[in-house]
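Read through the structure below, which is laid out as structure tokens, and then see the notes.
The values are calculated or read from the model by the stated rules, or taken from the named source; none is laboratory data. None of the values given here were measured: they were computed from a predicted structure. Note: ideal-geometry Cβ built from the backbone for every residue, glycine included; neighbour counts use all protein chains shown. Note: accessible area is taken over every heavy atom of the protein model, side chains too, but ligands, DNA and RNA are not part of it. Shrake-Rupley method; radii C 1.70, N 1.55, O 1.52, S 1.80 Å.
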Amino acid sequence: MKIAIMGAMVEEITPLLDFFGSYETIAFAKNRYYTTTYKGLELVIAYSKIGKVNASLTATTLIEKFGAEQLLFSGVAGALNPNLHVGDVLVATALTQHDLDITAFGHPHGYVPEGSVYVETDASLRALAHKVAHAQNISLQEGIIATGDQFICDGTKKEWIYKTFNADATEMEGASVAVVCDALKIPFCVFRAISDAADMDAGFSFDEFLVSSAKESAQFIIAMLDEL
Ligand SMILES: Nc1ncnc2c(CN3C[C@H](CSc4cnccn4)[C@@H](O)C3)c[nH]c12
């Protein structure tokens, strides 16, 4: 089984590369892909760079060029739901694009023709995540992620996304991965540890907690691999 593990920023995959220790590096399309094996699994790891376009390119490459059969995303996110706090690990149930807007034509936010407002993650990967969390006594939150090409650091925008999409966290890549994996019929799931509250202090909080929260998410992914 070939598993892709994807992040957006180098800090989100560094804990993974450090854990695996040895890996081959392949340069492609202005990005680097790291291949290794772990307990009989073939792994291909990459960070996309920030934003939906970069994430779409990397997710597609992981699947179409490297032959990934499942894709796990590991990274950090801003909390929208007040019950989520820095360090909490969230598994996405569904993802949506909060900045996709053709409401001028009567469509809901996040919708374009022949698409859907939400793309659901793979139910068996989610079930496995909860099994691993329970077995390892890790508290795992579950919720909707709203993705957009903006770092959210403003209470008004935060509240709009929270209310419009009933979303629990926000980031800048997950929904792209969801659309790509759904179209290519590859089971996927998105794991994000909270780094900030997507409010006026988000920049400072993000800078302070990026590394530690990225580690939280990566450690959960590694725990998942032992059960895949
Ligand atoms: N509040 C938030 N809003 C939107 N996204 C996020 C995230 C998740 N990632 C982190 C990073 C922020 S931009 C970036 C650019 N330069 C340096 C660091 N980060 C981008 O890849 C999305 C964490 N908190 C978020």
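A compact table of results
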{"read-out": "Sequence-distant residues sharing a close amide H with Gly7 (under 5 Å, placed H)", "value": "Ala46, Tyr47, Ser48, Ser74"}
{"read-out": "Percent antiparallel among DSSP beta bridges (both partners in the chain, rounded to 5)", "value": "40 percent"}
{"read-out": "Gyration tensor (alpha-carbon) shape descriptor, region 129-188, a/c threshold 1.5", "value": "oblate"}
{"read-out": "Sum of side-chain charges, Gln70 neighbourhood, beta-carbon under 10 Å (Lys, Arg +1; Asp, Glu -1)", "value": "-1"}
{"read-out": "Mean Cβ count within 10 Å, highest first, over the residues of peptides 17-24, 137-144, 170-177, 45-52", "value": "170-177, 45-52, 137-144, 17-24"}
{"read-out": "Residues of the chain: accessible area per residue with a 1.4 Å probe, Å²", "value": "44 Å²"}
{"read-out": "Given charges at beta-carbon only (K, R positive; D, E negative), |dipole| of region 1-106 in Debye", "value": "240 debye"}
{"read-out": "With Cα atoms, 0 to 90° folded angle of helix 155-165 axis to the chain main axis", "value": "80 degrees"}
{"read-out": "Distribution of pairwise C-alpha distances over region 2-225, 10 Å bins, in %", "value": "9, 37, 38, 15, 2, 0"}
{"read-out": "Linear extension gain, Lys163 paired with His130, 0.36 nm per residue minus alpha-carbon span", "value": "9.2 nm"}
{"read-out": "Hits among lysines - C-alpha to C-alpha of Lys30 under 17 Å, sequence gap 8 or more where chains match", "value": "Lys49, Lys52, Lys65"}
{"read-out": "Ordering of 88-95, 122-129 by burial proxy (mean other Cβ atoms within 10 Å per residue, highest first)", "value": "88-95, 122-129"}
{"read-out": "Under-5 Å amide H pairs with Tyr33, H placed in peptide plane, nonlocal only", "value": "Ile26, Ala27, Phe28"}
{"read-out": "Cα centroid of region 170-228 to Cα centroid of region 80-128, whole Å", "value": "13 Å"}
{"read-out": "Estimated dipole of region 2-225 in Debye, rounded to 20 [Cβ of Lys and Arg +1, of Asp and Glu -1, Cα centre]", "value": "580 debye"}
{"read-out": "By average C-beta atoms within 10 angstrom, highest first, the peptides 106-119, 179-192", "value": "179-192, 106-119"}
